[in-house]
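Right, one structure below, let's go through it.
The values are calculated or read from the model by the stated rules, or taken from the named source; none is laboratory data. If you're wondering where the values come from, they're calculated on a predicted model, not measured in any experiment. Here Cβ is always computed from backbone atoms with ideal geometry, including for glycine, and neighbour counts include all displayed protein chains.
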Amino acid sequence: MRAVGFTSFGDPGVLAVADTPLPQPEEGQVRIRVQATTVNPADVAARSGAFGPMLPTGPRYVLGWDVAGTVDAVGPAASGFAPGDRIVGMSDWLTTKRGTYAEFVVLDTAAIAPAPAGVDPVEAATLPVNALTADQALDLLGLTQGQTLAVTGAAGAVGGYAVELARHRGLDVIGIGSAQDEAFISGLGATFLPRSDDPVSALRAIAPEGVNGLLDAAVIGPQVLAAVRDGGAFVSVMPPATPPAERGIRVETVFVHSDGARLRDLVALVEQGLLTLRAAGTFTFDQAAEAHELFAKGGVRGRLILVP
């Protein structure tokens, strides 16, 4: 089968399509014919060598966390799915090294869910990693109905889902983003706050006592912790941007993990029109380097998609 990977760390030019062995499903696993996958920050980090000793050099790594496709083969004791079923799923890549930038990928049934009905695989592929990240971040924040959550990067792939999921949980949301994203963020049900050099003062102008919780999806870092009230909660999406705790604030970093059961719930929200899928552009496997280059420029709304 064809797969996109790399044998040495570096810029997008290290990515190449190569023939690799067809994987075989083992107990509790299914083999998926990939129809679409995405470019995520973790893919860029792995390719560049940013994971350091967590990812020693080669011989070859196939990238990719998200997948939308159809079940191709079923392993022993893999109940609940049959060949031909449309699915979405997530590979816990740092653990499995099973990349979804491939024509086929094998995943545990616990990592997948039926795809949303009537949704193209290109859009469906944008759901698993980013929606699960947002959902698990909200769990870490532990806010209750009526409390106030601020989301930096509210128009981003994680931030957009976080706003919608937080509103679904009954939270009041302040979404921080660029001026061009005002209509989108407001349309998700959040109070829009323009991005600025002083986000703390801007947030305190709206919430003088501080917000109950803050999800730093834009990776602003420690400086924005001052916008959280004493005893509140703060969640970062990147360890280097996670500040030390202070003033009784709970500080956490979200490390996304696959969860097929929760993914089913998220699929249901898509089908109910409560979650917005956003594909920012589609590339073939042969154009993977081009997709990574575009991602690195920033400003992408939604996710870039790779198709075999």
Checking 126, 133, 152 in turn, the sole residue that is of a type in the set (Val, Ile, Thr), under 19 Å from residue 195 (Cβ atoms) and either surrounded by 20 or more Cβ atoms within 10 Å (Cβ to Cβ) or assigned by TED's automatic domain parsing to the domain that holds residue 187 (or both) turns out to be 152
Pairs returned, first residue in region 263-282 that is part of a helix (DSSP H, G or I), second residue that is of a type in the set (A, V, I, L, M, F, W, C) and surrounded by fewer than 16 Cβ atoms within 10 Å (Cβ to Cβ), beta-carbon separation under 7 angstrom, 6 or more apart or interchain, are 271/117
The one condition residue 201 fails out of (1) surrounded by 13 or more Cβ atoms within 10 Å (Cβ to Cβ); (2) among the hydroxyl-bearing types (Ser, Thr, Tyr); (3) not assigned by TED's automatic domain parsing to the domain that holds residue 121 is (1)
| request: Might you check whether a residue that is touching a Gly at 6+ places or on another chain (Cβ under 6 Å) and under 30 Å from residue 70 (Cβ atoms) occurs anywhere in region 112-121? | output: yes
Per the list (1) in a strand (DSSP E or B); (2) more than 20 Å from residue 158 (Cα to Cα); (3) touching a helix residue (DSSP H, G or I) at 6+ places or on another chain (Cβ under 8 Å), residue check on residue 232 breaks on (3)
How many residues of region 249-262 are under 18 Å from residue 94 (Cβ atoms) and either aromatic (Phe, Trp, Tyr) or assigned to a loop (DSSP other than H, G, I, E, B) (or both)? The answer is 6
Of all strands (runs of 3 or more DSSP E) fully inside region 1-113, the set with 1 or more residues that are free of Cβ contacts under 8 Å to residues at least 40 places away in the same chain and under 21 Å from residue 127 (Cβ atoms) is 66-74, 86-90
Take the conditions crowded, with 24+ Cβ neighbours inside 10 Å, in contact (Cβ under 8 Å) with a residue 12 or more places away in the chain and out of contact with any Asp or Glu (no Cβ under 7 Å at 6 or more places or on another chain) and apply them to residue 175. Does it pass? yes
Result of the Cβ filter at 8 Å on region 239-252, keeping first residues that are assigned by TED's automatic domain parsing to the domain that holds residue 227 and free of Cβ contacts under 8 Å to residues at least 60 places away in the same chain and partners that are small (Gly, Ala, Ser) and loosely packed, with under 12 Cβ neighbours inside 10 Å, at least 6 apart or interchain, is 247/231; 248/231; 249/231
Here the qualifying pairs (Cβ atoms under 8 Å; residues six or more apart or on different chains; first in region 197-219 and free of Cβ contacts under 8 Å to residues at least 60 places away in the same chain; second of a type in the set (D, E, K, R) and in a helix (DSSP H, G or I)) come out as 210/204
